[in-house]
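The values are calculated or read from the model by the stated rules, or taken from the named source; none is laboratory data. Just so it is clear, the model here is predicted, and its values are computed rather than measured. For neighbour counting, all protein chains shown are included, and Cβ atoms are generated from backbone atoms with ideal geometry for every residue, glycine included. These area figures cover heavy atoms from the full protein model, side chains too; ligands, DNA and RNA do not enter into them. Shrake-Rupley method; radii C 1.70, N 1.55, O 1.52, S 1.80 Å.
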Amino acid sequence: MAASSVRIFNSLKPPGASLTAYSTVHSRSPSSLDCNFCRLKGGFVSSSISGSCQLRAIVKDKGGRAEDHPLIGDSTDKVVENQAMEPERDFAGTPYVPVYVMLPLDVVDMNCELVDPEGLLDQLRILRSVNVDGVMVDCWWGIVEAHTPQLYNWSGYKRLFQIVRDLGLKLQIVMSFHECGGNVGDNVHIPLPEWIREIGESNPDIYFTDREGKRNPEFLTWGIDKERVLKGRTAVEVYFDYMRSFHVEFDEFFVDGVISEIAVGLGPCGELRYPSYTAKHGWRYPGIGEFQCYDKYLMKSLSKAAEIRGHSFWARGPDNAGSYNSTPHETGFFRDGGDYDSYYGRFFLNWYSQVLVDHGDRVLALANLAFEGTCIAAKLSGIHWWYKTASHAAELTAGFYNPSNRDGYAPIAAMLKKHGVALNFTCVELRTLDQHEDFPEALADPEGLVWQVLNAAWDVSILVASENALPCYDREGYNKILENAKPRNDPDGRHLSAFTYLRLNPVLMETHNFAEFERFVKRMHGEAVPDLQLFPNEKPAKPEGKDGQVGA
């Protein structure tokens, strides 16, 4: 979950492309807003960040007493624009969907000490006052096992978890085995452990590698999942030892139910995907990205697959797949009727995508051993650009074999089903119309992608949770999330199992933004809101309480 300022997008947008504003805040001195570039997939947003102020909000402590707590961010000198009064669904009485909020990426520093515990406590009290269910926390491998193999320092996380528990909040924990930072505008940098980087200096093939040989130190290549190149351990053994240490250290939080979910990082940004689109290698939206299989371990796997197939000369990556910022029609591989659908293309993409599935299969099997009895989740990224083309090029380079004539998410859903793991999916707040207005050249369809992925998971009866991909403060974005969380007229009554908001930051805590967020939480919980603008003839749903959930 790499970090970046939202102002990153000014440097990333294609020439001539317009940007959609997601907040009404005015430009002031920039501050370190913890937005996550790795999470900001597709579409870009320009926003500005206000300085701090002395705004105060009334919240209640556990004893029910009203207290003043400072809100970060100045709204007193801002003109609050009226929300567009578009018709809305009435979600009163609909199933209760828990809402979590991601904590800042650097809530624990590189010495594994909790940063600004008093300020964090104030913010958590404010979240608790509007009935947020819990928070999500990244437990960074690069911090906890930083210097010596199997020497773990969990001290800062222990203090954090105690604060969260005392407030009556739940915890979603991310096993963050990836690097944080490294992209344009990032203001937080948490590399992989020092001892891993030392190994990488002498053996750079432990990292994902592109066709030109550029290494990506965000995550270890899946080619060493079963190779003992990490001081006598394989990559999956290293992940398992880390997860087991966490469970031993925080067993009391599992026993008393404070930890509600473990999200297992399976790739860059904690997502099950190849690092096919990374700014440090020059990628800009909506480039198709590049295949990342050129380390010696994955090339060995490809050679073996080609020999088994009986065509050893297929032991190579495509030579006509373009570069990071190519468009599909510019390449011989991804263009309509291109080589992606040839005999060789099908062989290569089957192998490439199967490596992804096999990695998830191996790590999640061990996660179930480490966290037996706990809800486990895996996250997929919402790669929606080029979705309206035949090849779905950006998805292919990321490892999702999802061209127009194949369902690339069904095999992943089946693998998650095998391990009883929930699917966490992003970009549920994005609208296809907005993408077409801002980036028509991208042929994006986030709504179509969300519909496909959610149904792939629901078809095999696994839980589905979600996150927003971009910063979201406006009612239009919240309404889109609600529509995806509780699909209209679903005959099976299916709905999301949870939603996690990206991210606790100064802009969210501004008065008008936080009021919209509180309204959103109420609707996710199935509560009535007084200012609802109903569709004509809309009738409230039959009441369905927190303990009366239906569907997945």
## Note on the structure
Across the stretch 398-440, the tally of residues that are touching an Asp or Glu at 6+ places or on another chain (Cβ under 6 Å) and either among the aliphatic types (A, V, I, L, M) or at pLDDT 95 or above (or both) stands at 3
### Task
Test VAL236 against the criterion of being assigned to a helix (DSSP H, G or I) and either within 28 Å of TYR324 (Cβ to Cβ) or in contact with a Leu (Cβ under 8 Å, 6 or more places away or on another chain) (or both), and give yes or no.
yes
#### Entry: Unmet criterion (only one of (1) within 19 Å of the chain's Cα centre (by Cα); (2) hydrophobic (A, V, I, L, M, F, W, C); (3) open to solvent by 10 Å² or more (accessible area, probe 1.4 Å)) for ALA365
(1)
### Task
Could you identify the single residue in ASP186, ASP241 that is at pLDDT below 95, in contact with a strand residue (DSSP E or B) (Cβ under 9 Å, 6 or more places away or on another chain) and either outside any loop (DSSP other than H, G, I, E, B) or open to solvent by less than 60 Å² (accessible area, probe 1.4 Å) (or both)?
ASP186
#### Entry: Filter result (open to solvent by 10 Å² or more (accessible area, probe 1.4 Å), touching a residue at least 40 places away in the same chain (Cβ under 8 Å) and more than 21 Å from the chain's Cα centre (by Cα)) within the stretch 338-353
TYR340, ASP341, PHE347, ASN350, TRP351
### Task
Return yes or no: is GLU527 more than 21 Å from ALA377 (Cβ to Cβ), charged (D, E, K, R), out of contact with any Lys or Arg (no Cβ under 7 Å at 6 or more places or on another chain) and open to solvent by 20 Å² or more (accessible area, probe 1.4 Å)?
yes
### Message
Every residue in the stretch 315-374 that is of a type outside the set (S, T, N, Q), within 24 Å of GLU271 (Cα to Cα) and in contact with a His (Cβ under 7 Å, 6 or more places away or on another chain), please.
### Response
TYR324, LEU364, ALA365, ALA370, PHE371
### Summary
Filtering the stretch 280-326 down to residues that are of a type in the set (Phe, Trp, Tyr) and part of a loop (DSSP other than H, G, I, E, B) yields TRP283, TYR285, PHE291, TYR294, TYR324
### Message
Checking the structure you have, find out if any residue of the stretch 421-442 is crowded, with 21+ Cβ neighbours inside 10 Å and touching a Phe, Trp or Tyr at 6+ places or on another chain (Cβ under 6 Å).
### Response
yes
### Task
Kindly indicate whether any position in the stretch 159-182 is modelled with pLDDT under 95 and not hydrophobic (A, V, I, L, M, F, W, C).
yes
### Query
What is the residue count in the stretch 254-293 for residues that are more than 21 Å from the chain's Cα centre (by Cα) and surrounded by fewer than 22 Cβ atoms within 10 Å (Cβ to Cβ)?
6
### Task
Being in a helix (DSSP H, G or I) and either hydrophobic (A, V, I, L, M, F, W, C) or open to solvent by less than 10 Å² (accessible area, probe 1.4 Å) (or both) is the filter; apply it to the stretch 129-145 and report the residue that is farthest from ARG197 (Cα to Cα).
VAL144
#### Entry: Top-ranked residue in the stretch 381-418 [being among the polar types (S, T, N, Q) and not in a helix (DSSP H, G or I); ranked as surrounded by the fewest Cβ atoms within 10 Å (Cβ to Cβ)]
ASN405
### Query
In this structure, does THR234 turn out to be of a type in the set (S, T, N, Q) and surrounded by 18 or more Cβ atoms within 10 Å (Cβ to Cβ)?
no
